[in-house]
Amino acid sequence: MKSFSKKACFLPQPVLIIGTYDDNGKPDVEKMNLITFNPVSLKYLRIENSVGKELK
């Protein structure tokens with residue numbers, strides 16, 4: 001029988017993007033917030049900019 005080791009994994013989660021537009025109608029990326037829902041703790045989590053820096 002095959003033994004499966006413990007591995008960290010990411011499951012697809014819905015992401016809500018909240019942002020604003022400037023006076024010219026372009027999205028203001030600096031003020032954009034990414035929010036995801038954690039079904040285990042039943043809380044919304046804000047995805048920080050440091051996560052994106054680690055993945056580059």
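The values are calculated or read from the model by the stated rules, or taken from the named source; none is laboratory data. Since the model is a prediction, treat every value here as computed from it, not as a measurement. Note that each Cβ is placed from the backbone with ideal geometry, even for glycine, and that neighbours are counted across all protein chains shown.
Taking the range 25-43 as the search range and keeping residues that are β-branched (V, I, T) and part of a strand (DSSP E or B), which one is surrounded by the fewest Cβ atoms within 10 Å (Cβ to Cβ)?
The qualifying residue surrounded by the fewest Cβ atoms within 10 Å (Cβ to Cβ) is V29.
Step by step: first the residues of the range 17-56, then only those that are among the hydrophobic types (A, V, I, L, M, F, W, C) and out of contact with any strand residue (DSSP E or B) (no Cβ under 8 Å at 6 or more places or on another chain), then the one that is modelled with the highest pLDDT. Which residue is that?
Among them, the one singled out is L42.
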